[in-house]
1. For the pair residue A:56 and residue B:52, how long in nm is the line joining their label points, each one 7 Å along Cα→Cβ?
2. Just want the ordering: B:186, B:236, from fewest to most Cβ atoms lying within 10 Å of their own Cβ.
3. 5 Å is the cut-off here: which amide hydrogens, built 1.01 Å from N in the peptide plane, fall below it relative to residue B:62, excluding neighbours closer than 5 in sequence?
4. Based on other C-beta atoms within 10 Å, arrange A:37, B:104, B:30, B:41 from fewest to most.
5. Add +1 for every Lys or Arg and -1 for every Asp or Glu among the other residues with Cβ under 14 Å from the Cβ of residue B:94, and state the total.
6. Which order do B:49, A:22 fall in if you start with the one that has the fewest other Cβ atoms within 10 Å?
7. By the scheme Lys and Arg +1, Asp and Glu -1, what is the net charge of all other residues having a beta-carbon under 13 Å from that of residue B:112?
8. Can you give the net charge of the other residues whose Cβ lies under 15 Å from the Cβ of residue B:62, counting K and R as +1 and D and E as -1?
Amino acid sequence: MFDLFSRLFKRDGSSATAKERLRLVLLSDHLSLSPDTVEALKRDLIAVISRYVKVDVGLCDVSFEQQAATVAMHANIPILGMQNERPAVAPPTYAKGEPRRNQASIHSSTGERPYLDDLKVTTPAATMTEADVAHVDAATNEALNSSEHSAPITKPNAPSSAN
Amino acid sequence: MYDAQPEPQPAAAQPPPKPATHRGHAIVITSGKGGVGKTTTTANVGAALAARGAKVALVDADVGLRNLDIVLGLESRVRYHLLDVIEGKVSLEDALIRDKRSPTMSLLAASQTREKDDVDTEKMRALIEQLRDHFDWVLIDCPAGIEAGFRNAVVGAQSAIVVCTPEVSSVRDADRVVGLLPHSLEPKLIVNRLRPHLVRRGKMLSVEDVNAILRLPLLGIVADEPEVVMATNRGEPIALDPRSQTGASYRSIAARIVGENVPVERPKTGFFARLSALFGGR
C-alpha cells in the first residue's frame, strides 16, 4: 500500500540527474577537460583556499556555466571560519611519536572531514608514502565518526594500540 | 489512407514540375545522433508543407541506408535514385517520385547499394540548386553522423532544422552538430518524442532543459505518441491525419516554416498516458 502511495506521489527526478550529466559531458566536450581534470581542479582549489579559511568541504561546489561565447567557472565554497579558530568538534588525538600526515587531503565526496588545522603536523613526514596517507585518512575518519574521537592513528604495519 | 481516395492513375508520364517563379529554399534536417526521428520529421514536415499547397521535394541524403521512401510509403515506386541523377544516368524528373497523397510533394530516394563517399559534394550542391528551381521547399534528410554524408547533406542548404530528443546523448550530439553547421544556416530546433507526463514528474528533460544547452529558436515540439509509430508502419505521414494532435504539431511547424506567426504549442498528455503515468511511473 505504501509502495502504491509513494509511487503515486513520488517525484524522483531522474531528469535532474540527466541535466547534471549533460552539463558535465558538454563541459568536457567544449573545454576538452576530462571529468577527472575537473575533479582535480576542484580539489586543488579547495586546498588552496583552505590554507586561509576553514571551508565546508562537503558543500563545496565547483561548476562551469556556458555564457554567450565563453564558459565561466563558478566556485561555491562555504566558509566556516578562520583557519586558526578551534573547531567545534574535538580533534582526534594522535599517538605520541607516530608519524602524521603533513598535508590534508580533501575529498569532496565526504561531508564529514577533519578540520585542516587539526591535521597540521609538527613532525616531519619524510617517511610517509601514499599508502600511509590513505591509512591515516581512514583512521582519521574513523576517529571522527566514533563518539570518543580517541582512536589512535597507527603505522600501517604496526598493531593498533587501541586493540 | 485517411480519406477514401480514388485509385491513383497508372504511372502515366508525369509532367516535370514547373519552375517556380521564385527560387525555392533548401532545409537540411539533421541531428547528429541516429534514431531521433530525422526521417519521420522530414516526411511529416514535407507532407504538411505540401498540404498547404507548396511544392516540396524531399531528398534522402542517407546514401546506403535509405528510409525516407519507407516512411512515406513510396518504397515500391523507387526506380532511380540520387546517385543516378548526380552521375547523369537519368534526369532529375525521371528520378523524382510524385507522392499520390500529396500531389505537390516529390521524393528523391537515396541509393541503397552505394556509399556516402560516392557522392561528390559539389555535384550534390548543384543538384540541390537544380531542385530549388522547381520546388518551393527542398527538405534534405541528413544521415546520422558528422562525416561525408553530413557534409553532402548540408552543402546545398540555406537553413537547418536540428531534431533532438530529450535525452542526454541526443542533446550532446545535437550540440556537436550545431557547432559544425555553418552559422548562415541559422539552425532551428524541433524537440521530438517529448513525453509531457514524464517531464512533469521530473523524469525527462524538458524542452527548456534541452534548449538551455542548444540555445536555438524553437521551431516545434512533437510528443512521443503511439500514433506516430502506427502511421509509420502504414507508410502514411501522421501530418495528413486531421484528427491527430501530433499531426497538428507538424502542421504548425510547417506554418512557422512558411513564416506564419503561430506560437509553439505544448503537447498535452492524453488521458491514458496520464493514467499509465500514475500507475506505471512511465
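Every number in this text was worked out from the coordinates using simple rules, so none of it is lab data. Worth saying up front: this structure is predicted, and the values here are computed from it rather than measured. Cβ atoms come from the backbone with ideal geometry, glycine included; neighbour counts cover every protein chain shown.
1. Going by the 7 Å Cα→Cβ label model, 5.4 nm.
2. Values: B:186 12, B:236 19.
With the sparsest Cβ surroundings first, the list reads B:186, B:236.
3. Residues meeting the amide H criterion: none.
4. Working: A:37 12, B:104 20, B:30 31, B:41 25.
Going from sparsest to densest Cβ surroundings: A:37, B:104, B:41, B:30.
5. Neighbourhood net charge equals +1.
6. Working: B:49 29, A:22 23.
Starting with the residue having the fewest Cβ neighbours, the order is A:22, B:49.
7. Numbers: positive: B:66, B:79, B:114, B:116; negative: B:60, B:62, B:69, B:75, B:84, B:115, B:118.
Overall, the nearby charge balance is -3.
8. Values: positive: B:33, B:38, B:66, B:114, B:116, B:151; negative: B:60, B:69, B:75, B:115, B:117, B:118, B:141, B:147.
Net charge in that neighbourhood comes out at -2.
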